[in-house]
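Participant: This structure is in structure tokens; I'll ask about it shortly.
The values are calculated or read from the model by the stated rules, or taken from the named source; none is laboratory data. Being a predicted model, the structure only gives us computed values, none of them experimental. Quick reminder, even Gly has a Cβ in these numbers, built from the backbone with ideal geometry, and neighbours come from all protein chains shown. Just the protein is used for accessible areas: all its heavy atoms, side chains included, with ligands, DNA and RNA removed. Shrake-Rupley method; radii C 1.70, N 1.55, O 1.52, S 1.80 Å.
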Amino acid sequence: MTAKFKSNSRLLLTQKYRPLELEREVRGFWEKNQTLKKLEEIREKDNRGLLGYVEGPPTLNGIQHVGHARGRVIKDFRYRLKTMQNFYVAFWAGWDTQGLPVELEVEKTLGAKNKKELIARVGEERFVEECKKSIMKYHREWVEADKNLGMFIDQDKAYYTHQDRYIEREWQYLKRAWEQNLLGEGYYVVAYCPHCQTSLSNAEVGLGYKEVEDPSIHFKFRLSETENEYFVIWTTMPFTLVTDIIIGVNPKEEYARVKVDNEIWILARARVEPIMEELEIEEYKVHEIVKGKDLVGIKYEYPFKDLIPKQRELDELPLIHTVVDEDFVDVSTATGIVHLAPANGEDDFLASQKRKLPMYAPFDEQAMFTEEAGKFAGFFVRKTDSMIVDELHNRGLLLKVKTVKHEYPTCWRSHHKLVWMARREYFIWIDKINDKVVKAAQNVNYFFDSPKNRFLAFLKEGKRWCISRDRVWGSPLPIWVCEKCGSKTLVASKKELVEKALELPGKDFELHKPWIDRVILKCEKCGGRMLREHFVLDVWHNSGASPYARFTDEEFSKLVPVNFLTEAVDQTRGWGNSLLLEHVILTGKAVAPYEEFLFQGFVLDAKGRKMSKSLGNVIEINKLLKERSADISRFYFLWKCSPIDSMNFDPQELRGRPYQVLSTFYHLHNFFLQNAEYDNFNPKTHTLQWATKKNVLSTPDRWLLSKLQSLVKYFTERAEACEFNFALSKLEDFVVNILSRQYVPMIRRDLWSDDPETLNRRLAVYATLWNILKTLVLLFNPATPFLSEALYQKVYKELDDSLPETVNLESWPEPDTSLEDATLEEEFEVLLQSLPIVYSARQDAQLKRRWPLAKAIVVAPKKSQEALKKLETLFLELANIKTVEYAEELPKVDSERWALASEGELQVLLDTIRDEALEGEGLMRDLARRVQALRKELGFSPTDIVEAVHVAELDPKDIELLKPYVTEMEGLVRAKTVHVHGERVEVDADWHESKLDRKKVYVAVL
């Protein structure tokens, strides 16, 4: 064998994969070359189609963390995939800059207890300016995080939800709702956050359930015309007894009159035994069974008329403090009788409205009881729970009190318990168009059934949408009310405001409080002054308007419905919902504004806990990427699990398999480049077509090229289906197993020589690797853009300067059917099944893989034998065996001499006897491996030719065994000469100790 005695090759890639250095370099390359701008310009002019996209706008009230990053990686993956498929994608940024989250951040920054106190101290103008400062502070952090993460999103075309242009277009949705009689005001029970001092939509309520502690009380109300008969009732919200108006029973169910001591208690028949057990009452007797309908109309004694004058006044009215019939009353829980406080419960409210009962809602905006609540005035409603319990106890009406833990909705921003309160709000009556909404949603591709079913189930509820918020920093509700006649008008543009105004706050006023509240309109009916309703809009309405508000009319017509969106699974109640509702209202059609929507799972910490500041387990993306690779993090997000599953993010796992995959891929390029450059490989000349014409492609080359085609097909299908984990697992297997562990050993011997006669064979290997590795770079690009760009520039552009300027301008790979060979793949499958069996037999016999053996017998079916015979040369080389025989049945052999292993239909016998020639060759391979490891440690390239290798402290027998193989070892270790010694001699290099079985040997490389 002729060694490659040639000058050392120049390195374009560092010997070690250093992702952080590589990523810094690529960021600089993109910035210097304005890669994103060029990519967008080229695709906009030359594309196979336009794909709309609307950014689910991150709220600028905090810093990007790994939970955000997972979704952003998926968005960027999709953008790069579609761009490489030659689509133009409007991948433009967007920012949610208004609403409660921003206000809370400003309140915290300025050290205020609540909005009311802060506005009184600084005024609305200063408050608004502080909101703007706050969002820009976080905007810088988010843009930096996106840059670090490799997001190719266009920041120059970003939308901001607080800008006047956006607000005016958002108002068009309200105009359409107004025209269709879908928008109006009224009293209704809404979820209210006392801390944030604003109501929440039904969608928002579902975002914040957690386990809380509440009092659980059983109490009784006396029937008015009796001395000793009582209704038994249960609640976990004692404060609602302040606003109790009626109690409800199920008219179709049975109720029992139960004698307890000298009293008669009334409760659901099915609940008698459980309740008596709960109240620890052993002696009782069911006195009579009646139907719920028979209880309707009975008046009960409201117990706090002496404490609440308003209740005493209400008690004089018909139906107040009487029993009503409602089918929603459940007799399988509690006592089967419910007390109804219309000001504090949705069902309660509807029951009251149905009977035209007066509204009694004695609360202010801080959820404090007003003067109408009598003794309880001035107290926060939930603080009165204990007061109510005490009053019931003092009046002999309390049966039992304890504390229970249960799931209860909390504010998704402040995490305070919500309170249901009847308030005057503005609503969109979704129930009027719900059939269209559900139909539109059913035509969307959600990729997975579970989030689809969850979303559709929520939509089918069709509950009215409370869109008004009692805040400052938000899109104003554009409804003005006449002081004189009470008529209302909705104005949907600044131009129209100016035309209709009696008073303006100036020529160039902003569409925000306080300036918008200074716009006074003239009433068209009576000429009176019209003042704006003080509300701002729900932040979900704000972001849900983005498909129309962020585009021009022309862009909207071309790009909406957008092609693909993705957000966390909680957005089934949030942005995914508001986008859909508003688009159906705007268009009047049963059409969604998106064709596909992937709802991703949450990102948890390594222990499976929700990330929170209180636990101190939030991982900010900018901090993470100072120490860890963006590419490895991106690969990890996509690879670890299905996108719809919750993901336990463990930074330590980044050092494991994800690093191994990308490092292996990097070093495969090093291996290719060092060898290809050494032999002056020219990809323009030495193509696969050239290699085919020259008949220098080997069966391993053709097998690998065939495997690549199925990989391209599978990866593309799985990526399109958002099964990123399957796509990347397949890519991982191809790189680490098929290419690195299987193919490279098959062709490594071909590259050991620099013999001119075998040059074409080596060039064929490089042509194969060029095709394979370049295709893999393109497949990797959506997931790991830094590594793909670096390899593209340092390898492919270096060897072929006619290639596009960036990997992102390459076209997405498509399977080449001419390279597919199913029969060859089946034959290699047999080969690759047989080799682990050989290795297993070796392990049982304690024979190293590097030790050549004389003979193997393969026992297999005829078809498998034929496959192995075609690949016999390869089998012998990879199994490190000199000869092989085949049989259909296991022959009788000396079990002391032969080692046996089997799996399925394949069995392998190995001759374990080694003569001196085999021992010598095995020893040489053992030593060569140690020399190669030392070369790598010392920083030599695999193609570098060293002057000499010395091996010392060998036994005389070992030296004799090695002599016939010294020349072969020189080729294996890339050395001009190899010297073996019994003792260490003086050489111009350091000796390095190594273990050879149980002996020590020493190696020096010059």
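Participant: Determine whether Leu835 is within 17 Å of Glu877 (Cβ to Cβ), in a helix (DSSP H, G or I), open to solvent by less than 50 Å² (accessible area, probe 1.4 Å) and touching a residue at least 24 places away in the same chain (Cβ under 8 Å).
Facilitator: Values: within 17 Å of Glu877 (Cβ to Cβ): yes; in a helix (DSSP H, G or I): yes; open to solvent by less than 50 Å² (accessible area, probe 1.4 Å): yes; touching a residue at least 24 places away in the same chain (Cβ under 8 Å): yes.
Yes; evaluated as a whole, the condition is true for this residue.
Participant: How many residues does segment 630-673 contain that are within 30 Å of Trp752 (Cα to Cα), in contact with a Ser or Thr (Cβ under 7 Å, 6 or more places away or on another chain) and either of a type in the set (Ser, Thr, Tyr) or not in a helix (DSSP H, G or I) (or both)?
Facilitator: 1
Rundown of residues vs (1) in contact (Cβ under 8 Å) with a residue 40 or more places away in the chain; (2) open to solvent by less than 30 Å² (accessible area, probe 1.4 Å), yes/no style:
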site: Val444; (1), (2): yes, yes
site: Glu461; (1), (2): yes, no
site: Arg469; (1), (2): yes, yes
site: Leu497; (1), (2): no, yes
site: Asp508; (1), (2): no, no
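Participant: Further question: Only one of (1) part of a strand (DSSP E or B); (2) modelled with pLDDT of 95 or more; (3) in contact with a helix residue (DSSP H, G or I) (Cβ under 7 Å, 6 or more places away or on another chain); (4) of a type outside the set (Asp, Glu) fails for Lys259. Which number is that?
Facilitator: (3)
Participant: Kindly indicate the residue of segment 356-371 that is without any contact (Cβ under 8 Å) to a residue 40 or more places away in the chain and not in a strand (DSSP E or B) and also surrounded by the fewest Cβ atoms within 10 Å (Cβ to Cβ) among those meeting that condition. Steps first, answer last, please.
Facilitator: Let us first name the residues in segment 356-371 that are without any contact (Cβ under 8 Å) to a residue 40 or more places away in the chain, namely 356, 364, 368, 370-371.
Next, from what is left, pick out any that are not in a strand (DSSP E or B): 356, 364, 370-371.
Working: Lys356: 8, Asp364: 12, Thr370: 14, Glu371: 10.
Among them, the one singled out is Lys356.
Participant: Can I ask one more? Can you list residue pairs whose Cβ atoms sit under 6 Å apart, with the first residue in segment 402-430 being closer than 19 Å to Phe380 by Cβ and the second being aromatic (Phe, Trp, Tyr) and assigned to a strand (DSSP E or B)? Count only pairs 6 or more apart in sequence or on different chains.
Facilitator: Pro409/Tyr209; Val419/Tyr192; Met421/Tyr192; Met421/Phe363; Ala422/Tyr187
Participant: For segment 161-196, give me each residue that is in a strand (DSSP E or B) and either of a type in the set (Lys, Arg) or in contact with a Leu (Cβ under 9 Å, 6 or more places away or on another chain) (or both). Can you show your working first?
Facilitator: Step one: of segment 161-196, the residues in a strand (DSSP E or B) are 183-193.
Passing the criteria: Leu183, Val189, Val190, Ala191, Tyr192, Cys193.
Participant: So which of Leu456, Leu531, Leu502, Leu521 is at pLDDT 95 or above, in a strand (DSSP E or B), over 29 Å from Gln197 (Cβ atoms) and among the hydrophobic types (A, V, I, L, M, F, W, C)? Can you show your working first?
Facilitator: Numbers: Leu456 fails: in a strand (DSSP E or B); Leu531 fails: over 29 Å from Gln197 (Cβ atoms); Leu521 fails: over 29 Å from Gln197 (Cβ atoms).
Going through Leu456, Leu531, Leu502, Leu521 in turn, the sole match is Leu502.
Participant: For residues in segment 936-995 being of a type in the set (A, V, I, L, M) and part of a loop (DSSP other than H, G, I, E, B), which is surrounded by the most Cβ atoms within 10 Å (Cβ to Cβ)?
Facilitator: Here is the first cut: in segment 936-995, the residues of a type in the set (A, V, I, L, M) are 938, 945-946, 948-949, 951-952, 954, 959, 961-962, 966, 969, 972-973, 975, 978, 980, 985, 987, 989.
With the extra rule that they be part of a loop (DSSP other than H, G, I, E, B), the set shrinks to 938, 945, 954, 973, 985, 987, 989.
Values: Leu938: 13, Ile945: 19, Leu954: 21, Val973: 25, Val985: 11, Val987: 15, Ala989: 15.
Residue satisfying both the conditions and the ranking: Val973.
Participant: Could you tell me which numbered condition Ala933 fails, if it satisfies all but one of (1) in contact with a helix residue (DSSP H, G or I) (Cβ under 9 Å, 6 or more places away or on another chain); (2) surrounded by fewer than 20 Cβ atoms within 10 Å (Cβ to Cβ)?
Facilitator: (1)
Listed here are the residues, each with its yes/no results for (1) within 26 Å of Thr566 (Cβ to Cβ); (2) acidic (Asp, Glu); (3) open to solvent by 10 Å² or more (accessible area, probe 1.4 Å).
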{"site": "Cys411", "(1), (2), (3)": "yes, no, no"}
{"site": "His416", "(1), (2), (3)": "no, no, yes"}
{"site": "Trp420", "(1), (2), (3)": "no, no, yes"}
{"site": "Arg424", "(1), (2), (3)": "no, no, yes"}
{"site": "Ile430", "(1), (2), (3)": "yes, no, no"}
{"site": "Val437", "(1), (2), (3)": "yes, no, no"}
{"site": "Ala441", "(1), (2), (3)": "yes, no, no"}
{"site": "Phe447", "(1), (2), (3)": "yes, no, yes"}
{"site": "Lys452", "(1), (2), (3)": "yes, no, yes"}
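Participant: Scan segment 640-665 for residues that are buried (at least 20 other Cβ atoms within 10 Å of the Cβ), in contact (Cβ under 8 Å) with a residue 60 or more places away in the chain, under 28 Å from Gln793 (Cβ atoms) and not aliphatic (A, V, I, L, M) and jot them down.
Facilitator: Phe665 - this is the single residue of segment 640-665 that is buried (at least 20 other Cβ atoms within 10 Å of the Cβ), in contact (Cβ under 8 Å) with a residue 60 or more places away in the chain, under 28 Å from Gln793 (Cβ atoms) and not aliphatic (A, V, I, L, M).
Participant: Next up: Quick one: in segment 77-114, of everything that is without any contact (Cβ under 8 Å) to a residue 60 or more places away in the chain and either under 26 Å from the mean Cα position of the chain (by Cα) or at positive phi (or both), which residue is most open to solvent (accessible area, probe 1.4 Å)?
Facilitator: Among them, the one singled out is Gly111.
Participant: In segment 115-132, which residues are open to solvent by 30 Å² or more (accessible area, probe 1.4 Å) and of a type in the set (A, V, I, L, M)?
Facilitator: The answer is Ile119, Ala120, Val122.
Participant: Among the residues of segment 326-344, write down those that are open to solvent by 10 Å² or more (accessible area, probe 1.4 Å), in contact with a strand residue (DSSP E or B) (Cβ under 6 Å, 6 or more places away or on another chain) and not aliphatic (A, V, I, L, M).
Facilitator: Kept after step one, since they are open to solvent by 10 Å² or more (accessible area, probe 1.4 Å), are these residues of segment 326-344: 326-328, 330-334, 338-339, 344.
Filter once more, keeping what is in contact with a strand residue (DSSP E or B) (Cβ under 6 Å, 6 or more places away or on another chain): 326, 331, 334, 338-339, 344.
Passing the criteria: Glu326, His339, Asn344.
Participant: Can you name the condition, by its number, that Tyr160 falls short on among (1) among the aromatic types (Phe, Trp, Tyr); (2) closer than 30 Å to Phe509 by Cα; (3) open to solvent by less than 10 Å² (accessible area, probe 1.4 Å)?
Facilitator: Result: Tyr160 passes all but (3).
Participant: Determine whether segment 694-708 contains at least one residue that is under 28 Å from the mean Cα position of the chain (by Cα) and not in a loop (DSSP other than H, G, I, E, B).
Facilitator: Step one: of segment 694-708, the residues under 28 Å from the mean Cα position of the chain (by Cα) are none.
Scanning segment 694-708 turns up no residue that is under 28 Å from the mean Cα position of the chain (by Cα) and not in a loop (DSSP other than H, G, I, E, B).
Participant: Which of the residues that make up segment 580-610 are touching a residue at least 60 places away in the same chain (Cβ under 8 Å), open to solvent by less than 60 Å² (accessible area, probe 1.4 Å) and closer than 25 Å to Glu723 by Cα?
Facilitator: Result: Leu580, Ala592, Pro593, Tyr594, Glu596, Phe597, Leu598, Phe599, Gln600, Val603.
Participant: On to the next question. Within segment 888-900, can one find any residue that is open to solvent by 70 Å² or more (accessible area, probe 1.4 Å), of a type in the set (Gly, Ala, Ser) and either free of Cβ contacts under 8 Å to residues at least 40 places away in the same chain or part of a helix (DSSP H, G or I) (or both)? If you could, list the steps in order and put the result at the bottom.
Facilitator: So the first thing to find is which residues in segment 888-900 are open to solvent by 70 Å² or more (accessible area, probe 1.4 Å), and the list is 888-890, 892, 894-897, 900.
Subsequent filtering for residues that are of a type in the set (Gly, Ala, Ser) retains 895.
Restricting the remaining residues to those that are either free of Cβ contacts under 8 Å to residues at least 40 places away in the same chain or part of a helix (DSSP H, G or I) (or both) gives 895.
Yes, segment 888-900 has at least one match.
Participant: If I filter segment 615-629 down to residues being out of contact with any helix residue (DSSP H, G or I) (no Cβ under 9 Å at 6 or more places or on another chain) and part of a loop (DSSP other than H, G, I, E, B), which single residue comes out as most open to solvent (accessible area, probe 1.4 Å)?
Facilitator: Step one: filter segment 615-629 for residues out of contact with any helix residue (DSSP H, G or I) (no Cβ under 9 Å at 6 or more places or on another chain), giving 615-617, 623.
With the extra rule that they be part of a loop (DSSP other than H, G, I, E, B), the set shrinks to 615-617.
Working: Leu615: 91, Gly616: 65, Asn617: 17 Å².
Only one residue fits best here, namely Leu615.
Yes or no, residue by residue, for (1) over 26 Å from Asn86 (Cα atoms); (2) surrounded by fewer than 22 Cβ atoms within 10 Å (Cβ to Cβ); (3) at pLDDT 95 or above:
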| position | (1), (2), (3) |
| --- | --- |
| Pro700 | yes, no, yes |
| Trp703 | yes, no, yes |
| Tyr714 | no, yes, yes |
| Arg718 | no, yes, yes |
| Phe726 | no, yes, yes |
| Ile747 | yes, yes, yes |
| Leu769 | no, no, yes |
| Ala783 | no, no, yes |
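Participant: Could you please find all residues in segment 187-226 being farther than 26 Å from Arg413 by Cα, open to solvent by less than 20 Å² (accessible area, probe 1.4 Å) and not charged (D, E, K, R)?
Facilitator: Initially, segment 187-226 is screened for residues farther than 26 Å from Arg413 by Cα, giving 216-226.
Filter once more, so that each one left must be open to solvent by less than 20 Å² (accessible area, probe 1.4 Å): 216-221, 223.
Result: Ser216, Ile217, His218, Phe219, Phe221, Leu223.
Participant: Hey, among the residues in segment 288-320 that are under 23 Å from Asp390 (Cα atoms) and free of Cβ contacts under 8 Å to residues at least 60 places away in the same chain, which one's least open to solvent (accessible area, probe 1.4 Å)?
Facilitator: Here is the first cut: in segment 288-320, the residues under 23 Å from Asp390 (Cα atoms) are 300-312, 315.
Checking the rest, the ones that are also free of Cβ contacts under 8 Å to residues at least 60 places away in the same chain come to 305-306, 312, 315.
Values: Lys305: 43, Asp306: 98, Arg312: 116, Asp315: 22 Å².
The extreme case among them is Asp315.
Participant: Can you tell me which residues in segment 292-314 are in a loop (DSSP other than H, G, I, E, B) and in contact with a strand residue (DSSP E or B) (Cβ under 9 Å, 6 or more places away or on another chain)?
Facilitator: If we filter segment 292-314 for residues that are in a loop (DSSP other than H, G, I, E, B), which is where we start, we get 296-298, 301-308.
Val296, Gly297, Ile298, Glu301, Tyr302, Pro303, listed by residue number.
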